[in-house]
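Everything below concerns the one structure shown next.
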Amino acid sequence: MSGIVGYGAYIPRNRITSEEIARQWGKDPRSIQRGLLLEEKSVPGIDEDTITISVAAGRDALARADVDPQRVGALYIGSESHPYAVKPSGTVVAEALGIGPEVHVADFEFACKAGTEAMFVALSLVDSGRVEYAMGIGADTSQGAPNDALEFSASGGGAAYLFGRDRVLVDVLETYSFTTDTPDFWRREGQFYPRHGGRFTGEPAYFKHVEAAARGILARSGLKPEDFRFAVFHMPNGKFPLAAGKALGFTNEQMKTGRVVTTMGNTYSGSSPTGLAAILDVAEPGDRILITSFGSGAGSDAFVLQATDLLPSRRELGATVRSMLDGPRRYLTYGEYAKYREKIILNH
Amino acid sequence: MPSPRYWREIPGRYRLEAGRCHGCGKVVYPTRRICPACRGAEFEPVLLSRRGRVVTSTVLRVSPDDFVMESPYAMAIVETPERVRLMVQVTDCEPSTVQPGMEVTLEFRLIRKEGQSGILCYGHKAVPVVAADTARSR
Ligand SMILES: [Zn+2]
């Protein structure tokens, strides 16, 4: 099977703390921090969206691969916050990355799973020999309705993965997908904010699909949790991935590096792909990695990956996830946050 | 800015494509037909480095309609290592901290929206290399 030849991630510099959001609505910040395990989240600037995040992540993926963008034959962007209702994000991103015009481009949607979906299709096209290189991106600038539990988690960011056959940084050993019709979270056409089924988003939705996909890929690959150095599960909050991982037999140590949600928030389609990028920033040759996404509606994609000898030198060519999470950042008041997220209506 | 003009400028705006004069080596951005230095008419395309230094800057507090949500914001003339100067908005920082000599990177951002229903216009903005305050209290 072919593998990852380049990867990149991007997280906006603005942050808002759980404490600041809780203060606005008279909630107890400690119950959010303890209950959801969320300290703060990234906030996209007024000039940032799924397209700009994809370009930033895609540029690092191309730099780490050192591949001429003209050789990229397919580009897929998974997001639930594509800036246009009609007009693909991928056309702008391809043009900015210097990819095309000989390229197949599409935007994918599947709630929070659209990023791994784009990766799965990109990988499969390279495997089939149809294209030489293909890029799959997961990026979002998620919206949570004011005073909804989602407001503490919905954030912005994303990651890009370039797949190819030669000079592979990370081998893809196995893939697995698990999908059913489950109405746990949705947004109807024309509605500004998504709605969710409260507690229904847990057992019958997140846990059922994440655990089924992870068990499925372990069975198919003949591997056990202890065969992995790292595991990352979709991160709607800090608590769910820990609980799912524990039920599957993974330790906190295996999940620590990829569980970036506590200070990044839930970047939806960018969530588990950005967690994976944080893992690739530190993984050693031979390390096995499990990634399992989740998208409401509902489904999960899982990949078993293994780092090659090339990874350590190539990752130096791009920005690390930790450098963006821990580096320069701006803390916003709720008022600034409301402005940035266009919750303020101007009189034109 | 009407959509067709925006569309024509995509290579320069999205990829920072410039032209290097065959005659004297000067890099011109945006690209043009005649070299302002030697009047040569042959250019090869080059990509500008996505970094530079602020030459001069100002803060806009009374902004055009499409930028009201962003004001106040800094505009700067930035010089890249190719000695090309471009005027860009400076983002992700306190506008008053933007000063001559400041090192910046050039990042792909949404520049403006054509009203409520028009197209979205993208391009590059400058971001200070040591961006923003990291202090938690404001
Ligand atoms: Zn000349």
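The values are calculated or read from the model by the stated rules, or taken from the named source; none is laboratory data. None of these values were measured; they are calculated from a predicted model. Cβ atoms come from the backbone with ideal geometry, glycine included; neighbour counts cover every protein chain shown. Calculation scope for accessible area: heavy atoms of the full protein, side chains included, ligands and nucleic acids excluded. Shrake-Rupley method; radii C 1.70, N 1.55, O 1.52, S 1.80 Å.
Some points to look at:
- Counting only strands (runs of 3 or more DSSP E) that fall entirely inside region B:1-63 and contain at least 2 residues that are within 14 Å of chain A (Cβ to nearest Cβ) and within 16 Å of the ligand (Cβ to nearest atom), the qualifying elements are B:43-47.
- Taking each residue of region B:10-31 that is open to solvent by less than 20 Å² (accessible area, probe 1.4 Å) and looking for partners that are within 13 Å of the ligand (Cβ to nearest atom) and not in a strand (DSSP E or B) with beta-carbon atoms closer than 6 Å, six or more apart or interchain, yields B:Gly19/B:Thr31; B:Cys21/B:Cys35; B:Cys21/B:Gly40.
- Residue match in region A:313-327 (condition: surrounded by fewer than 21 Cβ atoms within 10 Å (Cβ to Cβ), facing another protein chain (nearest Cβ under 9 Å), of a type in the set (A, V, I, L, M, F, W, C) and under 21 Å from A:Phe152 (Cα atoms)): no
- Complete set of residues in region A:10-40 that are more than 14 Å from chain B (Cβ to nearest Cβ) and surrounded by 24 or more Cβ atoms within 10 Å (Cβ to Cβ): A:Leu38
- Residues located in region A:264-288, provided they are among the β-branched types (Val, Ile, Thr), outside any helix (DSSP H, G or I) and crowded, with 24+ Cβ neighbours inside 10 Å: A:Thr267
- Pairs with Cβ under 6 Å, 6+ apart, first in region A:272-294 and within 19 Å of A:Ala319 (Cα to Cα), second part of a helix (DSSP H, G or I) and open to solvent by less than 10 Å² (accessible area, probe 1.4 Å): A:Pro273/A:Gly115; A:Ala277/A:Val321; A:Ala278/A:Val321; A:Asp281/A:Val321
- Qualifying residue in region B:96-106 (condition: at the interface with chain A (Cβ under 10 Å from one of its Cβ atoms) and either open to solvent by 10 Å² or more (accessible area, probe 1.4 Å) or in a strand (DSSP E or B) (or both)): no
- Some residue of region B:65-87 being polar (S, T, N, Q) and in the same structural domain as B:Gln116 (by TED's automatic domain parsing): yes
- For the residues A:Leu346, A:Leu311, the requirement of being touching a residue at least 24 places away in the same chain (Cβ under 8 Å) and of a type outside the set (Asp, Glu) singles out A:Leu311.
- Residue among B:Ile77, B:Ile111 that alone is part of a strand (DSSP E or B), facing chain A (nearest Cβ under 8 Å) and surrounded by fewer than 20 Cβ atoms within 10 Å (Cβ to Cβ): B:Ile111
- Residues located in region A:41-59, provided they are of a type in the set (Gly, Ala, Ser) and within 11 Å of chain B (Cβ to nearest Cβ): A:Gly45, A:Ser54, A:Ala56, A:Ala57, A:Gly58
- If only residues of region A:85-127 that are more than 16 Å from B:Tyr14 (Cβ to Cβ) and either of a type in the set (S, T, N, Q) or within 11 Å of chain B (Cβ to nearest Cβ) (or both) are counted, the one that is surrounded by the most Cβ atoms within 10 Å (Cβ to Cβ) is A:Thr116.
- Residues in region B:116-131 that are at the interface with another protein chain (Cβ under 9 Å from one of its Cβ atoms) and open to solvent by 30 Å² or more (accessible area, probe 1.4 Å) were compared, and the one that is nearest to the chain's Cα centre (by Cα) is B:Val129.
- Note on region A:180-221: residues that are touching a Phe, Trp or Tyr at 6+ places or on another chain (Cβ under 7 Å), open to solvent by 20 Å² or more (accessible area, probe 1.4 Å) and at pLDDT 95 or above amount to 2.
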